[in-house]
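The values are calculated or read from the model by the stated rules, or taken from the named source; none is laboratory data. Since the model is a prediction, treat every value here as computed from it, not as a measurement. Glycine gets a Cβ as well: all are built from the backbone with ideal geometry, and neighbour counts include every protein chain shown.
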Amino acid sequence: MDEYETINLDATPGGIAVLTLDRPDRHNALNALVIEELTDALETLEEQETIRMVILRGNGPSFSAGADLEWMKAAADYTRHENEQDAYKLAEMLRKLAALPQMTVALVHGAVMGGGAGLVAACDIAVAMADSKFRFSEVRLGLTPATISPFVISAIGPRWAKALFVSAESFDAAFAEKIGLVQYVVQTQDEYTAMEEHLAKLAMHAAPGAIQDAKRLVLDLAGLEINQALSHETAKRIAARRASEEGREGLSSFLEKRKPYWVG
């Protein structure tokens, strides 16, 4: 797939794309180029119907240590408008990650700080090595985690988000699992690999269009009042799925005791 300077994007014949942050000497810290290249890669993946699952990982000792110090230093001399445009690019990259039609899985280890934790929150599923270290450290620099906040609040809820944003307290993978930032914690590399394979198998057994619609269901309906209007909306959505090609194929294959066409 496309060649980049700060990331790698590879795809397997089986339909799994691996997006790797590749600045190991900088602990995969985010800067303008990383954000630009991630955005381009996500736009590429969005159009790839043969890709069923996207894995996000980091090369080297850390998943991502957050914002690059040189990038932050340069931003200090930006005008307010330039700062806003710069931040908007990060916010849009995270939105594109959250909106990908495929199942997205963050495989994290080492330092998972600030914007790195934002990447984790924007993915559907996250698996962390037990010794991973997380922190929203922005207030220590006189800043706030504004651009990543919608995704973090969605992942862990407003109460924990506020506590961790204002305290900048470091926490481990077990705590990240407790609050919902990650769903799985593994102890060894073998467990890490086994969980990756398990999630890939799940992705390949699910209908691609149904995954996309299920993700949209959560994004659209989270926080809405449960009322008659919502009942009508959910009824419309399941009716559309039942009438879809995938819906008909899924039911037929179940009744005929065979695999649906999307299972290899």
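For the reader, a short list of remarks on this structure follows.
One line per residue, one yes/no per condition, for (1) in a loop (DSSP other than H, G, I, E, B); (2) surrounded by 13 or more Cβ atoms within 10 Å (Cβ to Cβ); (3) within 29 Å of the chain's Cα centre (by Cα):
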site: Lys215; (1), (2), (3): no, yes, yes
site: Ala229; (1), (2), (3): no, no, no
site: Glu233; (1), (2), (3): no, yes, yes
site: Arg237; (1), (2), (3): no, yes, yes
site: Arg242; (1), (2), (3): no, no, yes
site: Gly247; (1), (2), (3): no, yes, yes
site: Phe254; (1), (2), (3): no, no, no
site: Lys257; (1), (2), (3): yes, no, no
site: Pro260; (1), (2), (3): yes, yes, yes
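Residue by residue, here is whether (1) farther than 22 Å from Ala87 by Cα; (2) in contact (Cβ under 8 Å) with a residue 40 or more places away in the chain; (3) in contact with a Leu (Cβ under 8 Å, 6 or more places away or on another chain); (4) surrounded by fewer than 18 Cβ atoms within 10 Å (Cβ to Cβ) holds:
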position	(1), (2), (3), (4)
Leu33	no, no, no, yes
Glu36	no, yes, no, yes
Glu49	yes, yes, no, yes
Val54	yes, yes, yes, no
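- Those helices (runs of 4 or more DSSP H) of segment 130-185 in which at least 2 residues are surrounded by 18 or more Cβ atoms within 10 Å (Cβ to Cβ) and of a type in the set (Ser, Thr, Tyr), considering only elements entirely within it, cover 149-156.
- Segment 64-91 - residue that is out of contact with any Gly (no Cβ under 6 Å at 6 or more places or on another chain) and assigned to a loop (DSSP other than H, G, I, E, B) and, of those, modelled with the lowest pLDDT: Ala76
- Any chance Asn83 is over 27 Å from Ala173 (Cβ atoms) and in the same structural domain as Met113 (by TED's automatic domain parsing): yes
- Within segment 121-134, considering residues that are in contact with an Asp or Glu (Cβ under 8 Å, 6 or more places away or on another chain) and without any contact (Cβ under 8 Å) to a residue 60 or more places away in the chain, the one farthest from Leu219 (Cα to Cα): Asp131
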